[in-house]
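Student: I am attaching a structure below and will ask some questions about it afterwards.
The values are calculated or read from the model by the stated rules, or taken from the named source; none is laboratory data. Model, not experiment: these values are computed from the prediction. Cβ coordinates were reconstructed from backbone atoms using ideal geometry, including for glycine residues, and neighbour counts include every protein chain displayed.
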Ligand code: SF4
Ligand code: SF4
């Protein structure tokens with residue numbers, strides 16, 4: 001069997017395995033595969049260094065023909081509606097915190113799934129982005145070298161497009177999904193990056209001034225980090241806000257197509 005046939009067969013097996021795992025967990029999600037080279041070349045320099053550290057002596061071979069698998073699990077309805085809901089004309093922070101708890105649960109689930117896939121496909125699992133970091137750093141720039149961007153992986157895997165809110169938008173789940181990734185040298189078929197479908201939609205910009213004014217701000221992600229710290233002072237226990245997720249899911253031009 002040639003490499004292409006191997007890749008197709010492995011990719012089919014990978015997809016079946018992932019969906020079987022999802023079924024066991026009673027969850028819904030998506031899987032895709034990105035070219036290691038394409039992801040590496042698009043990462044920030046600090047993340048390129050991190051990726052080299054993770055794969056060590058395997059770098060050259062992975063850069064030549066390796067893959068990074070992207071797995072995503074969707075939030076369950078109606079948790080997205082808990083974000084920024086009001087009670088007595090004020091934000092209902094305890095309800096909002098239930099979204100934060102679901103964020104934590106999905107991260108842990110993704111880490112388990114990533115480990116199972118890594119062990120079956122001879123890979124290295126890259127954990128879901130976990131909370132508990134933003135209060136330990138003084139600027140969002142300190143955070144970037146700590147992680148490999150799951151969004152870049154998902155983008156090159158063809159799972160969705162990069163929205164104006166900078167999140168990955170899937171055609172069914174919107175950006176109400178969380179990610180983990182797995183690096184592997186097993187031959188797999190790679191997806192292709194999608195063009196943005198946001199068009200004239202501004203729902204995420206309408207709900208967040210940081211997104212709306214991102215071109216004028218030094219780095220809107222630092223404003224976002226500080227807003228999350230403010231939310232934590234109100235009782236939200238994870239590094240989350242989620243208003244731009246809810247805006248996309250509920251108010252975007254695709255609101256009638258999105259479904260959790
Ligand atoms: S998470 Fe919140 S603060 Fe950050 S960009 Fe989205 S809406 Fe704005
Ligand atoms: S809310 Fe609209 S503009 Fe923002 S990411 Fe979603 S589809 Fe794109």
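Student: Looking at the stretch 200-224, I want the residues that are farther than 11 Å from residue 166 by Cβ and have a partner that is in a loop (DSSP other than H, G, I, E, B) and more than 15 Å from ligand 2 (Cβ to nearest atom) with Cβ atoms under 8 Å, at least 6 apart or on another chain. Which pairs are those?
Tutor: If the second residue must be in a loop (DSSP other than H, G, I, E, B) and more than 15 Å from ligand 2 (Cβ to nearest atom), the pairs left are 222/139; 223/217.
Matching residues to (1) in a helix (DSSP H, G or I); (2) more than 15 Å from residue 245 (Cα to Cα):
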position	(1), (2)
48	yes, yes
52	yes, yes
57	yes, yes
62	yes, yes
70	no, yes
73	no, no
96	yes, no
101	yes, yes
106	yes, yes
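Student: A further question on this structure: May I ask you to list the residues in the stretch 130-184 that are within 15 Å of ligand 1 (Cβ to nearest atom) and part of a helix (DSSP H, G or I)?
Tutor: Listed by number, the residues that qualify are 134, 140, 151.
Student: Residues in the stretch 134-150: is at least one closer than 16 Å to residue 70 by Cβ and free of Cβ contacts under 8 Å to residues at least 40 places away in the same chain? Even if it seems obvious, please write down each step before you answer.
Tutor: We begin by selecting, within the stretch 134-150, every residue closer than 16 Å to residue 70 by Cβ; these are 147-150.
Those left that are additionally free of Cβ contacts under 8 Å to residues at least 40 places away in the same chain: none.
Looking through the stretch 134-150, none of the residues is closer than 16 Å to residue 70 by Cβ and free of Cβ contacts under 8 Å to residues at least 40 places away in the same chain.
Student: Take residue 117 and tell me if it is outside any helix (DSSP H, G or I) and touching a strand residue (DSSP E or B) at 6+ places or on another chain (Cβ under 8 Å).
Tutor: Answer is no for this residue.
Student: Does residue 75 satisfy the criteria of being within 16 Å of the chain's Cα centre (by Cα), at pLDDT 95 or above and surrounded by 16 or more Cβ atoms within 10 Å (Cβ to Cβ)?
Tutor: Details: within 16 Å of the chain's Cα centre (by Cα): yes; at pLDDT 95 or above: yes; surrounded by 16 or more Cβ atoms within 10 Å (Cβ to Cβ): yes.
Yes.
Student: Name the single residue that is nearest to the chain's Cα centre (by Cα) among those in the stretch 229-249 being crowded, with 22+ Cβ neighbours inside 10 Å and in a helix (DSSP H, G or I).
Tutor: Per the stated criteria, the residue is 245.
Student: Hey, another quick one. Looking for something surrounded by fewer than 17 Cβ atoms within 10 Å (Cβ to Cβ) and within 16 Å of ligand 2 (Cβ to nearest atom) - is there at least one such residue anywhere in the stretch 131-146?
Tutor: Within the stretch 131-146, none of the residues are surrounded by fewer than 17 Cβ atoms within 10 Å (Cβ to Cβ) and within 16 Å of ligand 2 (Cβ to nearest atom).
Student: Can you find a residue in the stretch 4-24 that is part of a loop (DSSP other than H, G, I, E, B) and over 14 Å from residue 191 (Cα atoms)?
Tutor: Looking for residues that are part of a loop (DSSP other than H, G, I, E, B) and over 14 Å from residue 191 (Cα atoms), one finds none in the stretch 4-24, hence no.
Student: Return the pair list, or none, for Cβ contacts closer than 6 Å from residues in the stretch 156-170 that are over 19 Å from residue 28 (Cα atoms) and touching a residue at least 40 places away in the same chain (Cβ under 8 Å) to residues that are in a strand (DSSP E or B) and within 11 Å of ligand 2 (Cβ to nearest atom), at least 6 apart or on different chains.
Tutor: 163/169
Student: Follow-up question, since we're still on this one. Can you tell me which of (1) near ligand 2 (Cβ under 8 Å from one of its atoms); (2) on the phi > 0 side of the Ramachandran plot is the one residue 254 doesn't meet?
Tutor: (2)
Student: Then there is this: Please work out if residue 196 is assigned to a strand (DSSP E or B) and within 29 Å of residue 223 (Cβ to Cβ). Outline the logic, then answer.
Tutor: Details: assigned to a strand (DSSP E or B): no; within 29 Å of residue 223 (Cβ to Cβ): yes.
Taking the combined requirement at face value, the residue does not satisfy it.
Student: Looking at this structure, is residue 60 in contact with a strand residue (DSSP E or B) (Cβ under 7 Å, 6 or more places away or on another chain) and at pLDDT 95 or above?
Tutor: Considered against the rule, which asks whether it is in contact with a strand residue (DSSP E or B) (Cβ under 7 Å, 6 or more places away or on another chain) and at pLDDT 95 or above, residue 60 comes out as no.
Student: Within the stretch 33-46, how many residues turn out to be out of contact with any strand residue (DSSP E or B) (no Cβ under 8 Å at 6 or more places or on another chain) and part of a helix (DSSP H, G or I)?
Tutor: 7
Student: Out of 192, 202, I need the residue that is within 12 Å of ligand 2 (Cβ to nearest atom) and surrounded by fewer than 18 Cβ atoms within 10 Å (Cβ to Cβ). Which one?
Tutor: On the way: 192 fails: within 12 Å of ligand 2 (Cβ to nearest atom).
Just one listed residue meets the conditions, 202.
Student: A further question follows. Restricting the search to the stretch 210-225, which residues are part of a helix (DSSP H, G or I), buried (at least 18 other Cβ atoms within 10 Å of the Cβ) and within 15 Å of ligand 2 (Cβ to nearest atom)?
Tutor: 210, 211, 220, 224
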